[in-house]
Amino acid sequence: MQAEVIAVGTEILLGQVADINSAYIARRLADAGIEVYYHSLVGDNATRLAALVNQARSRSDLVVISGGLGPTKDDLTKQTVAHLLGVKLVEDSAAMAKITAFFATTGRQMTPNNRLQALYLAGSHPLKNETGMAVGSFYRAPSGADVVLLPGPPSEMRPMMAHQAMPLIRAAYQRDEYLTSRVLRFFGIGESQLVTQLSDLIDHQTNPTIAPYAKRYEVTLRLTAKTTTAAAATQLLNQLEATIRERVGAYLYGYGDENSLASVVVHELIDRQLTITGAESLTAGEFQSTIGSVPGVSAVFPGGFVTYANRAKHTLLGIPQEIIDHDGVVSEATAQQMAERSRQLLDTDLALSFTGVAGPDSLEGHPAGTVWLGLAQRGQAPQAKLLHLTGNRADIRMRSVMAGLDWVRRTLDAGQK
């Protein structure tokens with residue numbers, strides 16, 4: 001069973017928007033044991049789209065298309081595919097009711113083109129849009145490849161693919177063998193070092209397989225097992241993960257495609273009912289913004305401080321001026337004071353501080369990339385850690401945040417043991 005994924009959108013073709021849909025769709029299909037042989041990209045042009053869909057249906061068993069289901073003139077996917085399949089477009093009453101209610105509630109005028117979003121391929125199974133209005137389709141073709149139509153916005157496509165399309169796909173294509181994947185996420189080790197540590201496993205992989213991917217500031221490993229049962233897959237993946245943990249387990253922080261170091265740390269704090277704050281100089285609020293993006297963080301994060309100037313460090317945090325004058329702001333003492341003073345002011349269990357040189361210029365004789373992190377814990381003396389980071393200004397700031405999060409993660413892990 002082979003599938004093909006097509007992304008539709010001139011904005012993607014021109015590089016104005018990244019195609020993140022195709023990778024997500026391919027992963028979901030792989031989880032069902034369906035291999036994707038081709039990824040294609042086409043602009044909002046009916047002629048070129050028709051040619052590509054025809055080609056895809058001639059060489060694949062299933063074609064999944066994302067994009068072009070909206071109400072504008074360049075949204076041509078469902079009309080083009082309907083013409084190719086020789087079927088009409090019909091209205092989904094539930095989708096139409098949702099669209100009508102939206103315009104009534106918002107007080108906006110509904111135009112005829114908005115009705116296009118409620119149309120789906122006749123003879124197909126309509127796919128409910130949980131977060132938007134454009135309905136999708138799963139069409140079982142009497143001959144040639146079957147077709148799935150999904151919306152383009154990832155916030156609409158992902159829940160439709162996961163909750164609507166995938167159950168139908170799994171039921172339609174019963175497989176004797178399934179591909180089961182597990183994603184391991186690592187921070188603090190580069191891809192080359194990780195691959196070197198696991199070179200014998202990678203060179204001699206059979207089942208499960210190991211695929212390393214370098215992400216921004218971190219690395220992931222995708223372990224994939226081909227089995228006939230979920231239990232057999234779990235056993236194979238557990239055995240391989242155990243071997244990997246023996247070698248590089250200190251860098252492993254979590255699992256999953258959609259996970260993040262910030263999410264892991266925030267949820268660990270929530271589970272342990274521990275609070276945290278931050279005092280930031282060179283990162284200018286990046287740490288607080290990063291953890292603030294995690295749902296539920298308000299339970300453990302009351303707020304924090306951005307003390308960019310020396311005066312702010314003294315007036316807001318109460319750091320003695322003599323420490324700033326004697327040791328400098330890029331120093332162990334200042335990092336420790338920033339962490340401990342912020343923790344005391346907001347009465348939290350932990351506090352993380354960031355001070356240093358983001359660049360491009362040096363500061364106090366320290367080159368760009370010189371960073372001090374401070375960590376304060378209730379009932380303990382504050383600590384500090386010196387980093388020498390590379391990259392541009394944005395890279396140094398974000399790497400500092402990631403290093404701080406990892407320090408908190410390791411501290412929490414050590415406290416649990």
Review point. Under the Karplus relation 6.51 cos²θ - 1.76 cosθ + 1.60, θ = phi - 60°, what is the ordered set of whole-Hz ³J(HN,Hα) values for segment 229-234, x standing for Gly and Pro?
Key: 9, 5, 5, 5, 5, 4
Exercise for review: Give me the lysines in straight-line cross-link reach of Lys128: C-alpha distance below 30 Å, same-chain residues under 8 apart excluded.
Suggested key: Lys73, Lys78, Lys88, Lys98
Review point. One-quarter of the Cα convex hull surface for segment 250-312, in nm²?
Key: 5.3
Point to revise | Convex hull per residue volume in Å³, alpha carbons only, for segment 215-288 | key: 140
Study note, to complete from the structure: Per GNM of the chain with C-alpha springs under 10 angstrom, the most fluctuating residue out of Asp406, Asp271, Asp146 is Asp271
Exercise for review: Report the full-extension gain for the segment Ala51 to His163: residue separation times 0.36 nm, less the Cα-Cα distance, to one decimal in nm.
Suggested key: 37.3 nm
Practice item. Roll a 1.4 angstrom probe over the protein heavy atoms and tell me the percent of accessible area of the chain that is carbon or sulfur. Key: 51
Practice item. Work out, in µm²/s and without decimals, the Stokes-Einstein translational diffusion coefficient of segment 179-248 at 20 °C, 1.002 mPa s, Rh from Kirkwood over C-alpha pairs. Key: 174
Study note, to complete from the structure: Contour minus Cα-Cα span, Gln16 to Thr131, at 0.36 nm per residue, comes to 39.1 nm
**Study point:** the chain: angle of helix 93-106 to the longest principal axis, Cα-based, in degrees nearest 10
**Key:** 50
Practice item. Pairs of Cα atoms under 8 Å, at least six residues apart: use those to get the relative contact order of segment 202-284, whole percent. Key: 15
Practice item. Please work out, to two decimal places, the log10 of the ratio I(q)/I(0) at q = 0.14 Å⁻¹ from a Debye calculation in which every Cα of the chain carries one identical scatterer. Key: -1.16
Revision key, fill the gap. Residues whose modelled amide H sits under 5 Å from the amide H of Gly9, counting only those 5 or more places away in sequence or on another chain, are Val42, Gly43, Asp44
Revision key, fill the gap. Taking a probe of 1.4 Å and leaving out DNA, RNA and ligands, the chain shows per residue an accessible area in Å² of 46
Review point. Which whole-number percent gives the relative contact order of segment 40-191, counting Cα pairs below 8 Å spaced six or more residues apart?
Key: 23
Revision key, fill the gap. Residues meeting the amide H criterion for Ala279 (H placed from the backbone, H to H distance under 5 Å, 5 or more places apart or on another chain) are Phe305, Leu352, Ser353, Phe354
Review point. Residue by residue, what Karplus-based ³J(HN,Hα) values in Hz, rounded to whole numbers, does segment 145-152 have, using 6.51, -1.76 and 1.60 with θ = phi - 60° and x for Gly and Pro?
Key: 6, 6, 9, 10, 10, 10, x, x
Review point. Could you give the dipole magnitude of segment 201-338 about its Cα centre, charging the beta-carbon of Lys and Arg +1 and that of Asp and Glu -1, in debye to the nearest 20?
Key: 380
Check your understanding: In terms of modelled amide H atoms, which long-range or inter-chain residues lie less than 5 Å from the amide H of Asp349?
Key -> Thr275, Ile276
Practice item. May I ask which residue of Thr243, Gly152, Tyr178 lies farthest towards the positive end of the charge dipole of segment 145-263, with charges of +1 (Lys, Arg) and -1 (Asp, Glu) on Cβ and the Cα centre as origin? Key: Gly152
Review point. In a shell of Cβ-Cβ distance under 9 Å around Val264, excluding Val264 itself, what net charge do Lys and Arg (+1) and Asp and Glu (-1) give?
Key: +1
Exercise for review: Per residue, how big is the convex hull around the C-alpha atoms of segment 331-408? Give it to me in cubic angstrom, could you?
Suggested key: 79
Point to revise | Furthest towards positive pole of dipole, Ala299, Thr411, Pro382, structure part segment 298-417, Cβ charges | key: Ala299
Check your understanding: Counting DSSP beta bridges in segment 181-315, what percent are antiparallel, to the nearest 5?
Key -> 90
Practice item. Note the full-extension length gain between Gln174 and Thr106 as 0.36 nm times their separation in residues minus their Cα-Cα distance, in nm to one decimal. Key: 20.1 nm
Check your understanding: Plugging the Kirkwood radius over Cα pairs into Stokes-Einstein for segment 179-328, at a temperature of 20 °C and a viscosity of 1.002 mPa s, what D comes out in µm²/s?
Key -> 117
Practice item. Give a residue-ordered list of calculated ³J(HN,Hα) values for segment 239-253 (Karplus: 6.51 cos²θ - 1.76 cosθ + 1.60, θ = phi - 60°; whole Hz; x for Gly, Pro). Key: 5, 5, 4, 4, 5, 5, 4, 4, 9, 9, x, 5, 9, 7, 10
Practice item. May I ask you to derive the relative contact order of the chain, considering only C-alpha pairs under 8 Å and at least 6 residues apart, and to give it as an integer percent? Key: 10
Check your understanding: Per 5 Å bin, what is the whole-percent P(r) computed from every C-alpha pair distance within segment 123-175?
Key -> 4, 22, 31, 21, 13, 6, 1
Check your understanding: Excluding Val42 itself, what net charge comes from residues whose Cβ is under 13 Å from its Cβ, given Lys and Arg +1 and Asp and Glu -1?
Key -> -4
**Study point:** Spherically averaged projected area of segment 377-417 from its Cα convex hull (nm²)
**Key:** 3.5
Check your understanding: Given a Förster radius of 45 Å and the C-beta distance between Gln2 and Arg393 as r, what FRET efficiency does 1/(1 + (r/R0)^6) yield to the nearest 0.05?
Key -> 0.50
Exercise for review: Report the local net charge at Asp347: Lys and Arg +1, Asp and Glu -1, summed over other residues whose C-beta lies under 14 Å from its C-beta.
Suggested key: +1
**Study point:** Rg in Å to one decimal, and Dmax rounded to a whole Å, for segment 1-160 via C-alpha atoms
**Key:** 15.1, 48
Check your understanding: Dipole magnitude of segment 195-270 about its Cα centre, charges +1 at Lys/Arg Cβ and -1 at Asp/Glu Cβ only, in debye to the nearest 20?
Key -> 100
Point to revise | Antiparallel bridge percentage (DSSP; both residues within the chain; nearest 5) | key: 65
Exercise for review: Quick one: among Gln117, Gln380, Gln197, which has the greatest mean-square fluctuation in a GNM of the chain with alpha-carbon springs under 10 angstrom?
Suggested key: Gln380
Check your understanding: Classify segment 86-170: rounded, prolate or oblate, from the alpha-carbon gyration tensor (a ≥ b ≥ c, eigenvalue square roots; a/c under 1.5 rounded; otherwise prolate if a/b is larger than b/c)?
Key -> oblate
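The values are calculated or read from the model by the stated rules, or taken from the named source; none is laboratory data. Please read all numbers here as calculations on a predicted model, not as lab measurements. For neighbour counting, all protein chains shown are included, and Cβ atoms are generated from backbone atoms with ideal geometry for every residue, glycine included. For the accessible areas, the whole protein counts, side chains as well, though only heavy atoms, and no ligand, DNA or RNA atoms are used. Shrake-Rupley method; radii C 1.70, N 1.55, O 1.52, S 1.80 Å.
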